[in-house]
Amino acid sequence: MSDTTHPQPATGPPAPAEPVVTAEVAAQHGMTAEEFDRMRAMLGRDPTFTELGIFSVQWSEHCSYKSSRVHLKRLPTRGPQVIEGPGENAGVVDIGDGLCAVFKIESHNHPSFVEPHQGAATGVGGILRDIFTMGARPIAVLDSLRFGPIGEGSGVPAAVTARNRRILDGVIGGISFYGNCFGVPTVGGEIRFERGYSGNPLVNVLALGIARRDGLFLAKARGDGNPVVYVGARTGRDGIHGASLLASAEFSEQSQQKRPNVQVADPFMEKLLLEACLEAMASGAVLGIQDMGAAGLTCSTSEMAAHGGTGIEIDLRLVPRRESGMTPYEIMLSESQERMLLVCDRGREAELTGIFRKWGLEAMEIGRVTGDGLMRVLDGGRTVAEIPARPLCDEGPVYARPIAPPAPAASERLAEFGLEGETLTPALERVLASPDVASKRWVWEQYDHMVRTNTVVGPGRGDAAVLRVKETGRGLALSTDGNGRWCRLDPFTGAMHAVAEAARNVAASGARPMAATNCLNFGNPEKPGVMWQFSRAIDGIAEACNALRTPITGGNVSFYNETLGEPIDPTPVIGILGLLDDASAALGMSFRAEGHRIVLLDGAGPDGSGAVDRGRLAREFSSSEYARTVLELASGAPPAIDLAAENRLIDGLVALASARLAVSAHDLSDGGLAVALAECSFGTEGLAPQVECSGNLPVEAALFGERGARALVTVEAARLARLLELAAQYGIAAYVLGRVGRGDFRLAYNGHEAVRAPVARLEDLWSNAIERVLTASLPVAG
Amino acid sequence: MKFGVVVFPGSNCDHDAHHAIGKILDQPVDFIWHQSENLDGLDAVVLPGGFSYGDYLRTGAIARFSPVMRAVERFARRGGLVLGICNGFQILLEAGLLPGAMLRNRGLRFVCRHVWVRVETAATPFTAAARPGQVLRIPIAHSDGNYTADPETLAELERDERIVFRYVTPDGRRDESANPNGSAADVAGIVNREGNVLGLMPHPERAVEALMGSTDGLVIFRSMVQSLIRQPQVTA
């Protein structure tokens, strides 16, 4: 037993005895023997059961970043535009006129598998609280989602396909339910389907808010004696160990039994909390504020004290509860949603309480800021936990886990070329109808993407979502991207592509990319192969973010994305924020009018297409969407990336939009030139590309290759010369491919007609593919 | 002339309506808190979209009992203009200021997209500035917009030209495919007998700036302004 007097005094009424803490009990909490010893050394005694709970969540992978921290240090996080970088609830960048953008992406993967609707909904709720905790009003949400295959014949059993459909339906429903009710537009994101996500879908949610630069709030407890106030929903038993057990361990066959660990969402409560918190913050009565997300009261109290260099004492008897008989352990670890902890300026308690009461919310003073640096938890008169706050938060375990590259792949099947002269129309049709490329209209029509009336470019309309800033008329553009298949083949290059694609998308909308946020979804970090993927991906992100001047301002790491020992494809998802001086200069992707010229911009410059290395070309083409859909291959390597070329293209796109020379822009990505041309013609009431191009590549690679640093723009014929001139100034090659016509989609290569089809037919395939796949019946499982 | 935009707990299109009226139409406008029973000095009241009281129980079912709704009823009885948008329409139905009820959308899903609605009559203060038959492109965003009423009520609405907006194709034809939620008689908006209370599912406040993709919603607000100029309210 402990040789100290703490925390033993039992002056309050007797409480049920807590279990005795042993190394075995600690192991059940996911703590290793070393972590157990570290905890005891930090306390100088044995922990109480409540303290063990606090340490186990605070030092969980999810909360402590113990496996990732040593690698995350390599990410660039600074820049003149960055006001707050990683470490705060969200990143903050300067967008001029005294305003700043507050944004972050976060995962809610495991809960969304266990209970898709609530898991996804609380994922949205959690990231929204991160934004308004900083004093910002949320103005947009984007979702980056990954699911297992939903179509018949995807190589997975029918029962798995059916489950994937249910997960998709539940996740979309949960996001829609939460965002729509809360009143934030869900404006974009991306969805991909791959086998590896069948047992482990990814739900990454990015939220963006706007705050006055002088109205930012940080999660710091300041001022000895200031009241600590609990606001929002009451505390229940939901979500206990959501962070430590759900988010920090692999899945087994019993994972569905973890449903009680998933939290329950109430977007109406969150909406009230938003309005009340913003009003309270504007009143000046709030000195510090932190949401109760992962690990609830535990993280919020300890982190506010640690960041403020103070201590916090709270009494659990004062915590509003919705269930009786909760133990201190349960109250401290509950992840009930829609709760906030704030520090009030002493003497202004009544004012603060009045604001929350106006919004129908409880505000309960549950403790005070202290000067002793301790997180002290009382249960009536009894001390149930007393832990030095800063060491708990900042001196947790950090691991440099073993890293090992995978064994070199055995010889793999690669794409073969040789279709010169043949029609590629059926191939284009197949690629357009593949769920990854097809329109996600079925999804985004379930999201209110217009509420708040700032959506200039909404889902499906452009490469990035563009929001207008009402106060200044400027625009904010956002895109999320990540290609797990490419990262599996080469995590370094794949991660660079995620950054480059997000930045390119933002630039195609006319905005200058300014900062990034990342959500790093990987398997079990205790496996050296997974850790190697992680480390290489970090190197790739760092290199690309440095080159493209988009520092990482925050984000989240999600490890243990494995079920039955099978890790997901490594999936770093990058969100990039860009700024437009004038929101009305934003560009969508659609063709605008007949007769406009179609120009392909290539950041690699006029020398970009030199001698063709056929071997390399075959390897790179084997990882394309065409290879996956048409050739049923996913091998080789992602296309080589040229960050200098990406930079030139980005600068050029921004200049062309700002000069109002380009009237539409769309980057080349999944499905290459052919798919990009098709997408530009959809939703235009009959406009169609009439394009002839030539080159020294095999026709499939020319039309469907996915090399980066390229984009299609259209321009009025009379302004073509000016556009070409400007492109040349930026060192970009500009190829005039043809014109916007009507009727048939026509694409010829080296004098042969490669694709010809009515746009209406292509659009039907693309536009309705997801609904068709979802309503197609599956064979009864045998 | 002055507009009021009611703020219920859970309203989330209140700022948008305020922006449309105050910034785009440049008309005086105030927020009205749901606990207020005072609408003095107002000529028109907007019940905005959102999820009042979380739409728990049933859309609009709790909001109708809020103090402000007693005032809105009195205001409407005295002839004040009341515009209920989306959730506001649902509240007007629950409050009995308009007949009928809402069911879940035909597809059982939330639907957000631009739709086309036809102005069926210009003989209301909400459409006076429009042409009968004019087709407006305005967004919808709801799960419960499937308007229903008993056959007598529908016949009466039809006969008295109180169906003000109908879902149509872009060229103005009625067609099942143009109706996004399955509403009876393709109803998108109706007016009360006296003609001063309008409820509609589409969001005209989202269609007042070209930058947002449409300005077709302006005609509804302009009609209200024009009607009020012609026939000023006697304030309560």
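No value in this document is a laboratory result; all are computed from the given coordinates. Since the structure is predicted, the reported quantities are computational estimates derived from the model, not experimental observations. A quick note on method: Cβ atoms are made from the backbone with ideal geometry, for glycine too, and the neighbour counts reach across all protein chains shown.
The charge dipole of region B:3-230, taken about its Cα centre with unit charges on the Cβ atoms of Lys, Arg (+1), Asp and Glu (-1) only, comes to about 200 debye. Computed from the C-beta positions of A:Glu429 and B:Asp160 and an R0 of 51 Å, the FRET efficiency is 0.50 to the nearest 0.05. When region B:3-230 is described by a simple charge dipole with +1 on each Lys and Arg Cβ and -1 on each Asp and Glu Cβ, the residue from B:Asn192, B:Ala210, B:Phe75 located farthest towards its positive end is B:Ala210. Exposure proxy ranking for B:Thr59, A:Thr563, A:Thr327, based on other Cβ atoms within 10 angstrom of each Cβ and starting from the fewest, stands as A:Thr327, A:Thr563, B:Thr59.
Here region B:1-72 and region B:170-213 have alpha carbon centers that stand 20 Å from each other.
The gain in end-to-end length when the A:Arg166 to A:Ala400 segment is fully stretched comes to 80.4 nm, 0.36 nm per residue minus the alpha carbon separation. In this structure, the pairs whose alpha-carbon distance is over 24 Å, taken from A:Lys440/A:Lys470; A:Lys271/B:Lys2; A:Lys271/A:Lys440; A:Lys440/A:Lys527; A:Lys104/A:Lys470, are A:Lys440/A:Lys470; A:Lys271/B:Lys2; A:Lys271/A:Lys440; A:Lys440/A:Lys527.
With K and R counted +1 and D and E -1, the other residues having a Cβ less than 13 Å from that of A:Val759 yield a net charge of -3. Scalar couplings 3J(HN,Hα) for region A:34-44, obtained by applying the Karplus form with A = 6.51, B = -1.76, C = 1.60 to θ = phi - 60°, are 5, 5, 4, 5, 4, 4, 5, 5, 5, 7, x Hz; x denotes Gly and Pro. Under the shape rule built on the C-alpha gyration tensor, where the axes satisfy a ≥ b ≥ c, region A:619-708 is oblate, since a/c reaches at least 1.5 while a/b does not exceed b/c.
Note on chain B: with a GNM built from Cα contacts shorter than 10 Å, the maximum mean-square fluctuation among B:Gly172, B:Gly49, B:Gly60 falls on B:Gly172.
Only helices enter the 222 nm calculation for chain B: every DSSP H run of n ≥ 4 contributes -39,500 (n - 2.57), and dividing by all residues gives -5500 deg cm²/dmol, rounded to 500. Each DSSP beta bridge with both residues in chain A is either parallel or antiparallel, and the antiparallel ones are about 80%.
Set Lys and Arg Cβ to +1 and Asp and Glu Cβ to -1, take the dipole of the protein assembly as shown about its Cα centre, and tell me which of A:Leu720, B:Ala20, A:Gly347 lies farthest positive. Most positive-ward Cα: B:Ala20.
If the Kirkwood radius is taken over C-alpha pairs of the protein assembly as shown, then at 10 °C and 1.306 mPa s the Stokes-Einstein diffusion coefficient equals 53 µm²/s.
Within the listed set B:Leu198, B:Leu83, B:Leu39, the residue fluctuating most in the Gaussian network model of chain B (springs between alpha-carbon atoms under 10 angstrom) is B:Leu39.
Amide H contacts for A:Glu562 (H built 1.01 Å from N in the peptide plane; partners 5 or more residues away or on another chain; cut-off under 5 Å): A:Phe251.
Against the longest alpha carbon principal axis of chain A, how many degrees, from 0 to 90 and to the nearest 10, is the axis of helix A:720-729 turned? Once rounded, one gets 60 degrees.
Take chain B and mark each of the GluC sites (Glu not before Pro) that is in a DSSP loop with at most 16 other Cβ atoms within 10 Å; the longest unmarked stretch, sites excluded, is B:38-160. How many angstrom separate the Cα center of region A:70-145 from the Cα center of region B:83-119? When both Cα centres are located, 34 Å separates them.
Which value in nm describes the separation of the simple spin-label points at B:Arg131 and B:Asp26, placed 7 Å from the Cα toward the beta carbon? For the pair B:Arg131/B:Asp26, the computed spacing is 2.6 nm. Dipole size of the protein assembly as shown about its Cα centre, with +1 on Lys/Arg Cβ and -1 on Asp/Glu Cβ: approximately 1320 debye, rounded to the nearest 20.
Taking the fewest neighbouring Cβ atoms within 10 Å as the starting point, the ordered list for A:Thr714, A:Thr684 is A:Thr684, A:Thr714. Only helices enter the 222 nm calculation for chain A: every DSSP H run of n ≥ 4 contributes -39,500 (n - 2.57), and dividing by all residues gives -10000 deg cm²/dmol, rounded to 500. Note on region A:573-644 and region A:509-527: Cα centroid distance 19 Å, given to the nearest whole angstrom.
Inter-label distance, B:Ser36 to A:Ala407: 7.5 nm, where each label sits 7 Å from its Cα along the C-beta direction. By the beta-carbon count within 10 Å of each Cβ, the least crowded to most crowded order of B:Val5, B:Val111, fewest first, is B:Val111, B:Val5.
A simple spin-label model places pseudo-atoms 7 Å from Cα toward Cβ; at A:Asp214 and A:Arg660 they are separated by 3.4 nm. Calculate the FRET efficiency for A:Ala282 and A:Arg346 from the Cβ-Cβ distance with a Förster distance of 22 Å, rounded to the nearest 0.05. After rounding, the FRET efficiency stands at 0.70. Using +1 at the Cβ of each Lys and Arg and -1 at the Cβ of each Asp and Glu in region B:3-230, identify which of B:Gly107, B:Val46, B:Ser11 lies farthest towards the dipole's positive end. With unit charges placed on the Cβ atoms, the residue in question is B:Gly107. Computed from the C-beta positions of A:Phe417 and A:Glu152, the FRET efficiency with R₀ = 25 Å rounds to 0.30.
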